[in-house]
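The values are calculated or read from the model by the stated rules, or taken from the named source; none is laboratory data. Every value quoted in this text rests on a predicted model; they were computed, and no experiment measured them. Because the Cβ atoms are built from the backbone with ideal geometry, glycine has one as well, and the counts that use them run over all protein chains shown.
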Amino acid sequence: MATENATRTRPATRQKRTEILRAAVDIFGTKGSANGTLADVAEQVGMTHAGILHHFGSKQNLLLEMLAFRDQADVEDLVEQHIPGGPELFLHLVRTAFVNAQRPGIVQAYTVMSAESITDDHPAREYFEERYSTLRREITEAFSELCAQEGVTDQSTVSSAAAAILAVMDGLQLQWLLHPGVVELGETSQFAIRAIVNAVLKPGPELETYAQG
């Protein structure tokens, strides 16, 4: 990935790229991916439009690396600079939803690019495939640890629950972007994650039960 290539560049170049990425987070986080421009980013870091293209090649590449940069920034204050494992992971996901509610432009860029990444040969596809695979695995591991802690032996729903948590978080972000005055991103994400976790630990009646009653 492009972020891996960046680690092999000279220190001065890495520093400039980091400066650009921070500016991109600010510009696109405020204006969104559609209204924010490379010229806006260039002006903030005292460069030309061509200078930004020299480092990132295109606006799409800059947006993609900005998302990866945001992921790293979100965990830089954690002990291992990585999202926590075990039951703490679910609390981390809830906290992330509340933080995302304060940065609609970044959420917009993520939502647009994640949807576009399903098309053939899209440059963001690898990033999102790896992201979802990694998060599903880590959430599954967190569920397994939580089930062991709570004495739950039936873990047949864990894989489905891990995928469901990611789906509901991303789906709520889309609804929130469309109707920010109706959908509360943090609170609703917290409700959904809690409901899914509780459903794994203490499954309720099948839906057919309610239809029959």
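Summary of values
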{"read-out": "Any hit, the stretch 144-155, residues being within 25 Å of ARG70 (Cβ to Cβ) and surrounded by fewer than 14 Cβ atoms within 10 Å (Cβ to Cβ)", "value": "no"}
{"read-out": "Criterion: on the phi > 0 side of the Ramachandran plot and buried (at least 16 other Cβ atoms within 10 Å of the Cβ) - qualifying residue of GLY46, GLY32", "value": "GLY32"}
{"read-out": "Test: residue in the stretch 128-138 that is touching a Gly at 6+ places or on another chain (Cβ under 9 Å) and at pLDDT 90 or above", "value": "yes"}
{"read-out": "Any hit, the stretch 42-50, residues being of a type in the set (S, T, N, Q), under 19 Å from ALA124 (Cβ atoms) and more than 21 Å from the chain's Cα centre (by Cα)", "value": "no"}
{"read-out": "Residues being farther than 18 Å from THR111 by Cβ and part of a helix (DSSP H, G or I) - total across the stretch 170-213", "value": "18"}
{"read-out": "Test for ARG131: is it surrounded by fewer than 18 Cβ atoms within 10 Å (Cβ to Cβ) and either closer than 30 Å to PHE69 by Cα or of a type in the set (Gly, Ala, Ser) (or both)", "value": "no"}
{"read-out": "Where a residue in the stretch 45-68 is within 11 Å of ALA24 (Cβ to Cβ) and its partner, wherever it lies, is part of a loop (DSSP other than H, G, I, E, B), with Cβ under 6 Å and at least six apart", "value": "LEU64/ALA124"}
